[in-house]
Amino acid sequence: MGHGAAYDLIHNSPGVDRVTVADADLKKAEAVAEKVGTSRIDAHHIDAANHSDIARLMNGHDAAISCVNYWFNEGLSRSAIQTGTHFCDLGGSNFVVDSQLALDAEAQAAGVSIIPDCGLAPGMVSILAMHGARQFERIDEIHIRVGGLPQKPEPPLDYQLVFSVEGLINEYVELARVIRDGHVIEVPSMTELESLEFDGFPPLEAFQTSGGTSTLTETFLGKVRELDYKTIRYAGHCEKFKTMIDLGLCSSDELIVDYQKVTPRKVFGELLQKYLPADGPDYVLVRLEFVGTRKAETRPVGSVPQNGLDRLRYDIVDRQDETTGLSAMMRTTAFPASIIAQMMAKGDVLMRGATPQEKAIDPDKFVAELERRDISISDSCR
């Protein structure tokens, strides 16, 4: 994802003067800089947990993007506040996001914007949710479905690793926040399985996972009756993975095995990284569905509400870019974070403080930037 963000900043962003990529493994940072292929990028060694080193590196930068594991993001946000650097990240945990948003007063005092959860979901879809909702006089329901899928699925899970394995496990084991009957509640992940279809794809399924709604439940509380997020996979994936969860393979409780302390989740994570395919050609599928009463000026000519309600659907089907080699997940996760970082640096984000992206980002400008990068939204009335 760091590679994808750096690529976008250099090749898709004429207003960017210079980019720094940093990693705990200097060779990885240098490899990214070499792949991006420009003299306007610098590689550095950095420990994301070292506050003083992070602050020194952030100094002089207008904005910073975190593409590391979610547990670093609160500390990185504090460094950004200290150095007066706008900051966004790819998220990964509701609890970490809550702690970041609690820094609002400090960020306001420093005159910076801290915007967590700026990847794909949450991230891009959060802003698209606001974009669609603005077309309605009254919005009753928002349903979000997102998935990253291999173009050539392999058994047993028909899945490949396209981002952090820790983030994946988190999505599958933590509770999911939704709005039901106008109230925020939490439901177990890997539940409420449903079937869905995309043209040209084999049977698909979607199920509850944590983190996808992020701050949307608070943003839309009192405004919608129903809001939820589910992850899309090839049919059959949920049952197989949930079996492994039910067997305790994602537990963080230590076990004693042959007189050694073992954490099942860590072992399972290592096995997933060892045996699941990664970096093959992929798809990203996105679907948002809105139900309510549309504004008269946004209702297409000839569109007739069903049972007094308008239905709007946004679909995105993105695929690996064969020219650049960037995966669909890199394009739809890293590009949105890059767009938001640039909007902060250019002054397009007027809000200061620690704020959710759906409140801080102009959705029309954001969608225009997606379209400029050939991430196209197909909308339809149903």
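Just a few scattered comments:
- Residue within the range 115-129 that is in contact (Cβ under 8 Å) with a residue 40 or more places away in the chain, surrounded by fewer than 18 Cβ atoms within 10 Å (Cβ to Cβ) and not assigned by TED's automatic domain parsing to the domain that holds VAL349 present: no
- The residue list LEU247, LEU285 contains one member that is among the aliphatic types (A, V, I, L, M), on the phi < 0 side of the Ramachandran plot and surrounded by fewer than 16 Cβ atoms within 10 Å (Cβ to Cβ), which is LEU247.
- Filter result for SER252 (loosely packed, with under 11 Cβ neighbours inside 10 Å and part of a loop (DSSP other than H, G, I, E, B)): yes
- Residue match in the range 366-378 (condition: among the hydrophobic types (A, V, I, L, M, F, W, C), modelled with pLDDT under 95, out of contact with any Asp or Glu (no Cβ under 8 Å at 6 or more places or on another chain) and exposed (fewer than 15 other Cβ atoms within 10 Å of the Cβ)): no
- Subset tally (residues that are surrounded by fewer than 21 Cβ atoms within 10 Å (Cβ to Cβ) and in a strand (DSSP E or B)) for the range 151-197: 10
- Residue count for the range 221-272, restricted to those that are under 30 Å from ASP140 (Cβ atoms) and of a type in the set (A, V, I, L, M): 5
- Selection count, the range 193-222, where residues are among the hydroxyl-bearing types (Ser, Thr, Tyr), at pLDDT below 95 and within 18 Å of GLY148 (Cβ to Cβ): 3
- Positions within the range 59-98 being touching a residue at least 24 places away in the same chain (Cβ under 8 Å), assigned to a helix (DSSP H, G or I) and under 26 Å from THR332 (Cβ atoms), in sequence order: TYR70, TRP71, PHE72, ASN73, GLU74, LEU76, SER77, ALA80, ASN94, VAL96, VAL97
- In the range 305-338, the residue that is farthest from the chain's Cα centre (by Cα) out of those that are of a type in the set (A, V, I, L, M) and within 24 Å of GLY15 (Cβ to Cβ) is LEU326.
- Any chance LEU26 is more than 21 Å from PRO122 (Cβ to Cβ), among the aliphatic types (A, V, I, L, M) and modelled with pLDDT of 95 or more: yes
- Within the range 18-36, being loosely packed, with under 14 Cβ neighbours inside 10 Å and without any contact (Cβ under 8 Å) to a residue 24 or more places away in the chain holds for ASP25, LEU26, LYS27, GLU34.
- Of the residues making up the range 37-70, those that are aromatic (Phe, Trp, Tyr) and surrounded by fewer than 15 Cβ atoms within 10 Å (Cβ to Cβ) number 0.
- The range 219-246 residues that are assigned by TED's automatic domain parsing to the domain that holds LYS152 and over 17 Å from LEU175 (Cβ atoms), paired with ones that are hydroxyl-bearing (Ser, Thr, Tyr) and not in a strand (DSSP E or B) (beta carbon under 8 Å, 6 or more apart): ARG233/TYR159; TYR234/TYR159; HIS237/TYR159
- Sub-7 Å Cβ pairs linking a first residue in the range 296-307 that is under 15 Å from ASP379 (Cβ atoms) to a second residue that is among the hydrophobic types (A, V, I, L, M, F, W, C), at least 6 apart or interchain, are PRO300/CYS381; SER303/CYS381, ordered by first then second residue.
The values are calculated or read from the model by the stated rules, or taken from the named source; none is laboratory data. Just so it is clear, the model here is predicted, and its values are computed rather than measured. Note that each Cβ is placed from the backbone with ideal geometry, even for glycine, and that neighbours are counted across all protein chains shown.
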